[in-house]
Amino acid sequence: MNASSSSEIMPMRPPLVPLATLIGRERRNDKPLIKYGQAALAKKGEDYFLIKTDCVRIPENPSSVFSVFAIFDGHNGVSAAIYTKENLLSHVMSAIPEGIDREEWLQALPRALVAGFVKTDIEFQRKGETSGTTATFVVIDGLTVTVASVGDSRCILDVQGGVVSLLTVDHRLEENVEERERVTASGGEVGRLNVYGGTEVGPLRCWPGGLCLSRSIGDMDVGEFIVPIPHVKQVKLSNSGGRLIIASDGIWDALSSEMAAKACRGVRAELAAKLVVKEALRSRGLKDDTTCLVVDIIPPLHFRIPPTPRTKQNKFRSLILAKRFHNLINKSTNKRSSIGVVELFEEGSAVLVERLGKDCPSKTNSGLLRCAVCQVDQPPTDGLPVNSGPLSPSSKPCEGPFLCTNCQRKKDAMEGKRST
Ligand SMILES: [Zn+2]
């Protein structure tokens, strides 16, 4: 096991600081504090994770800082998990337009996550290696949490009042009827392992390949209907913040979301991750790689309020906070999934076209079109807008984003269309 934590390191006697930096620092202090812990036990050694708390939206602008936490549970080897850990973040970032403000950036993020996942899959498959991986990728900017995932590494959210919600969807053939129907419609076969004598055993798998998951990154030997298109959910936490638990199926096969949240409530994130792994181990033993990240998002107002013990003053302060929290909820008109959380976005479709929006193809200065997935520039004749139907003389000038030949081929293959 291995634990780590974030902490702000301030110099003892700071030298003269430029005004811009001071302003930046001030703004940064409005941001919630991120505290995290990590724990893992390996059985096959195919789980990988990523922790990055110093990402910036705007280069060299520390006030635009955001954090990324991710888990990659590999299968049939480790290369897909390693490749995804090393490249997914930059592939997602390259799909976000430059020079936009924070609100626009957060709005562009779900689509960029789709593009980044698909690009990572295409680039990894190009290497000709056969392994695959789940990917649960969490972006935290202020109180806004955006989660994109393929596979069955879950992310749960625990907020004030003990309300636990699932931010991911399990892409397992056994548990997901919709995904089974999609895979079958795209040319895959879904069934259990046949042992000698015709008895069927184990979970539902798709053939060829025998994978239990319906979405993943990599897996070039399994069939293109196992798509890398992530389920994406974006939520905004209330001013009381919240705790995320991100873990591979080694945890979730042993513990429900509520059990995992309960196993570590009231404990600092560094220790919490260890407690969740310990609880999973106690109930099931070590049967699989087990990795857990616990991330606390603590708003500035809460910095100095310890969870226990409660003094009179703290009780009073919590009352004030509860009232503020209540007012915030009442003011909000957005759809709410649970107390203290405003749902901003959710989309899980496996159809690429539905995930890229209907914006016009983006033209570069030289008249080339930029691919909405891999950001490669191509002359307009070499690819088609993804939403283009049969050609007609009165066709509208804008028919959705552009895909390069390569990504168009990938899109057709994922939908079960043969392309040569
Ligand atoms: Zn492309």
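The values are calculated or read from the model by the stated rules, or taken from the named source; none is laboratory data. Small disclaimer: the values here were computed from a predicted structure and weren't measured. Note: ideal-geometry Cβ built from the backbone for every residue, glycine included; neighbour counts use all protein chains shown.
Of the residues making up segment 346-362, those that are modelled with pLDDT under 85 and either of a type in the set (Asp, Glu) or within 15 Å of the ligand (Cβ to nearest atom) (or both) are ASP359, PRO361, SER362. Selection of segment 114-170 for residues being among the basic types (Lys, Arg), more than 16 Å from the ligand (Cβ to nearest atom) and more than 21 Å from SER214 (Cβ to Cβ) yields only LYS127. From the list GLY142, GLY128, GLY132, the lone residue that is at pLDDT below 95 and in the same structural domain as SER257 (by TED's automatic domain parsing) is GLY128. The single condition among (1) within 26 Å of THR120 (Cα to Cα); (2) surrounded by fewer than 24 Cβ atoms within 10 Å (Cβ to Cβ) that GLY198 does not meet is (1).
Within segment 262-280, residues that are surrounded by fewer than 18 Cβ atoms within 10 Å (Cβ to Cβ) sit with their Cβ atoms under 9 Å from residues that are polar (S, T, N, Q), at 6+ positions apart or across chains, in these pairs: GLY266/THR308; ARG268/SER5. Among the residues making up segment 207-223, a single one is in contact with a helix residue (DSSP H, G or I) (Cβ under 6 Å, 6 or more places away or on another chain) and surrounded by fewer than 24 Cβ atoms within 10 Å (Cβ to Cβ): MET220.
Within segment 192-201, is even one residue under 19 Å from the mean Cα position of the chain (by Cα) and not hydrophobic (A, V, I, L, M, F, W, C)?
The answer is no; no qualifying residue exists.
Residues that are among the polar types (S, T, N, Q) and not in a strand (DSSP E or B) were ranked within segment 38-90; the one that is surrounded by the most Cβ atoms within 10 Å (Cβ to Cβ) is THR84.
Within the bounds of segment 397-412, is there any residue that is at pLDDT 55 or above, over 24 Å from MET220 (Cα atoms), surrounded by fewer than 11 Cβ atoms within 10 Å (Cβ to Cβ) and away from the ligand (no atom under 16 Å from the Cβ)? There is at least one residue in segment 397-412 that is at pLDDT 55 or above, over 24 Å from MET220 (Cα atoms), surrounded by fewer than 11 Cβ atoms within 10 Å (Cβ to Cβ) and away from the ligand (no atom under 16 Å from the Cβ).
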